[in-house]
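One structure below.
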Amino acid sequence: MHKITYRLTVLFGLSLLVAGCGKSPEPSRIMPAKTKASLDVAYDEKNYRVDEKAKVQIGNASYYASCMSGRRTASGEACNLRRYTAAHRSLPFGTMIRVTMLQNGKSVIVKVNDRGPYGRSRVVDLSPAAAGKIGLIRAGVAKVKVEKLTQL
C-alpha cells in the first residue's frame, strides 16, 4: 500500500513540475512594458479652452482606490492610476475637463473615461495621479470646480 501512495505522490509532484513549465498567459492579457514617462500623461493647458456653452459644476471630488488598477473602465480602457483620468456621471467618454480644487486654486486637466462617482455629494472621481497634482490625496474629499474644455 505504501508503494502505491509513494508512486502517486511522485507522479503528482512531477505533474506539478511539468505544469509549471507550461506556456505563459496569452499575450492579450499582458500589458506591454512602457516607460514611466509614457505612463505619466499630463494634458497641456495651451491646447484647450473652456467651453463657454457648458455648465460649470461645483461639488465634492474624491479619487479612485488603488484596487481599480488594471480593471476595465466603463469606456473599455484599462484603468491606469498614473494617467490623468476621471469618472463623471454624464459627460461623454473622451471629454476633457479642468478640475480646480477651490481650497488651494490648483487645477488639472483630465480625460473622462469612466462613470461615477457613486457618492451623491460628489461630482467627479479622479485618478490618483490627477488627485496628487491638485493636492486631493491628503484631503481625500474636497470641493472642486469642474469645467468642460474644447480643443483649440
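Restricting attention to the stretch 126-152 and to residues that are over 16 Å from ASN80 (Cα atoms) and touching a Ser or Thr at 6+ places or on another chain (Cβ under 7 Å), the residue that is surrounded by the most Cβ atoms within 10 Å (Cβ to Cβ) turns out to be VAL144.
Of all residue pairs spaced 6 or more apart or on separate chains, those with beta-carbon atoms under 8 Å, a first member in the stretch 129-144 that is within 16 Å of GLY59 (Cα to Cα) and touching a residue at least 60 places away in the same chain (Cβ under 8 Å) and a second member that is assigned to a loop (DSSP other than H, G, I, E, B) and among the hydrophobic types (A, V, I, L, M, F, W, C) are ALA142/LEU102; LYS143/LEU102; VAL144/LEU102.
Going by the structure shown, is ILE137 closer than 20 Å to CYS79 by Cα, in a helix (DSSP H, G or I) and of a type outside the set (D, E, K, R)? Judged against the criteria, ILE137 is a match.
If you go through the stretch 110-125 and keep only what is buried (at least 21 other Cβ atoms within 10 Å of the Cβ) and out of contact with any Gly (no Cβ under 9 Å at 6 or more places or on another chain), you end up with VAL110, ASP114, PRO117.
Scanning the stretch 66-90 for residues that are over 12 Å from the mean Cα position of the chain (by Cα) and surrounded by fewer than 19 Cβ atoms within 10 Å (Cβ to Cβ), which turns out farthest from GLU52 (Cα to Cα)?
Ranking the candidates gives ARG89 first.
Name the strands (runs of 3 or more DSSP E) wholly inside the stretch 51-102 in which the number of residues that are touching a residue at least 60 places away in the same chain (Cβ under 8 Å) is 2 or more.
57-63
In the stretch 92-109, the qualifying residues are those that are more than 19 Å from LEU152 (Cα to Cα) and of a type in the set (A, V, I, L, M, F, W, C), and the one that is surrounded by the fewest Cβ atoms within 10 Å (Cβ to Cβ) is LEU102.
Every number here is computed from the coordinates shown, using simple stated rules; none is lab data. Just so it is clear, the structure is predicted and the values come from calculations on it, not from any experiment. Quick reminder, even Gly has a Cβ in these numbers, built from the backbone with ideal geometry, and neighbours come from all protein chains shown.
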